[in-house]
Amino acid sequence: MLHGGMFRKILFFAMPLFLSGILQQSFNSVDIAVVGRWAGREALAAVGNNGMVISLIVNLFIGVSIGANVVIANYIGRNDAGGVRNAIRTSALIALWSGVLLLFVGVAVADPLLRWLDTPSEVLDLGMPFMMIYNFGSAILRSMGDTRRPFYALVASGIVNASLNLLLVIVFEMGVAGVAIGTVIANMVNAAIIVFFLMHEKGEFRLELKNLKLSGSDLRKILKIGVPAGIQGMVFSISNVFILASINGFGAEVAAGSSAALNFEYYCYFAISAFAQASVAFTSQNYGAGKYDRCRKVFRVSMLLGFLFCVVMNLVIVINREMFAGLFSSDPEVIHYAAVRMECVLIFQFIACSYEISGASLRGLGYSMTPTVLTLYGFGVWHDMVAVLPN
């Protein structure tokens, strides 16, 4: 990250991240596709709504994992082996604590929130603690420049998830419960693989479970960067929850179509997110090494690549929107409403590059609150504009 040309390195760093995002989202996509085709539009709407609520709950802690990425990468750039070791131990403890906390928060919040959304909640996602372990573990590996092994872990767990969904929903006819069970087991496999990788690292990067120790200074640094990033992620999840509550009032076919279309919005977003994460890692290391000109180059290259990838994906999906919607349902009404959402949203999604990659670059420099404040301000303006539209 600290030497040589940028374009090829950032592209090769980001591609496994992009594919990892696709695979991680495929957990939910396979759930939706299997349920939509074999359990009906009501079950499809239920699974889609559950995914939205889970995303709202976990986004704060995923943001904190970005803080871990920045802090560790900065120590690597400064060639501070002791700092790397302490930050990894602290990140591992945060992952464990946040996973357990998420489980209790999910029990307390998910059911009433799903009731407010008029969604049945047959099964709580008990896989959230394992999801946190994976996210923090992959953040540690990304800070080292390794995006391939998190991808390999997702390939393995994705195969487990798809196989169990097909078995439990189609063969045993367990519906939404079968989907939940398959996802939890896949998350457990994912977490186990990423922990195995970290425990077999060399030198200061090795994770030793018996020597886990919290560093107060590293905890403060991680939270200072990660909490604002998590709040920013929650802002968009909260807005989607309100939109979802409105959509559900139009009937199961509209909610099901929206749930199907949302998958493709996530897929395109992962193109942006991959280059945003590349910007965080490259910027953090170069800033730690005092190479400020390279930080500027990281921003320019990441923005260009993120924009190009997002635009191409948006166009391909919008042009073939009915075909893609048909992957999730054979119901003509569901396909119609999914296609309508794709056309309206994806045409403008490339705009997200402007704030996602810019915010990632600022976080790589250690400034996390600024992009969050700007996002909150933008969200408030958007909300006011929508409020006056009927008038």
Quiz prompt | Residue identified as modelled with pLDDT of 85 or more and either over 25 Å from the mean Cα position of the chain (by Cα) or open to solvent by 20 Å² or more (accessible area, probe 1.4 Å) (or both) among 199, 234 | solution = 199
Quiz prompt | the range 152-174, residues that are among the aliphatic types (A, V, I, L, M), in contact with a helix residue (DSSP H, G or I) (Cβ under 7 Å, 6 or more places away or on another chain) and assigned to a helix (DSSP H, G or I) | solution = 153, 154, 155, 156, 160, 162, 164, 166, 168, 169, 170
Quiz item: Does residue 206 fit the bill of being open to solvent by 20 Å² or more (accessible area, probe 1.4 Å), farther than 24 Å from residue 98 by Cβ and basic (Lys, Arg)?
Solution: no
Quiz prompt | Answer residue from the range 145-177, given it is in contact with a Phe, Trp or Tyr (Cβ under 6 Å, 6 or more places away or on another chain) and under 29 Å from residue 65 (Cα atoms) and is most open to solvent (accessible area, probe 1.4 Å) among those | solution = 149
Quiz item: Is there a residue being open to solvent by 40 Å² or more (accessible area, probe 1.4 Å), at pLDDT 65 or above and not in a helix (DSSP H, G or I) anywhere in the range 23-36?
Solution: no
Exercise. Mind listing whichever residues of the range 43-88 are at pLDDT 70 or above and among the β-branched types (Val, Ile, Thr)?
Key: 62, 64, 66, 70, 71, 72, 76, 84, 88
Quiz item: What number of residues in the range 209-231 are over 30 Å from residue 160 (Cα atoms), among the charged types (D, E, K, R) and open to solvent by 50 Å² or more (accessible area, probe 1.4 Å)?
Solution: 4
Quiz item: Which residue, of 185, 140, is touching a Leu at 6+ places or on another chain (Cβ under 7 Å), of a type in the set (A, V, I, L, M) and open to solvent by less than 30 Å² (accessible area, probe 1.4 Å)?
Solution: 140
Quiz prompt | Selection count where residues are among the basic types (Lys, Arg) and at pLDDT 80 or above, scope the range 89-134 | solution = 1
Quiz item: Among the residues of the range 1-21 satisfying the criterion of being more than 26 Å from residue 157 (Cβ to Cβ) and of a type in the set (A, V, I, L, M, F, W, C), which is least open to solvent (accessible area, probe 1.4 Å)?
Solution: 10
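The values are calculated or read from the model by the stated rules, or taken from the named source; none is laboratory data. These numbers were taken from a predicted model, which means no experiment stands behind them. Positions of Cβ are backbone-derived with ideal geometry, glycine not excepted, and every protein chain shown enters the neighbour counts. When the accessible area is computed, the model is the full protein with side chains, heavy atoms only, and any ligands, DNA or RNA have been set aside. Shrake-Rupley method; radii C 1.70, N 1.55, O 1.52, S 1.80 Å.
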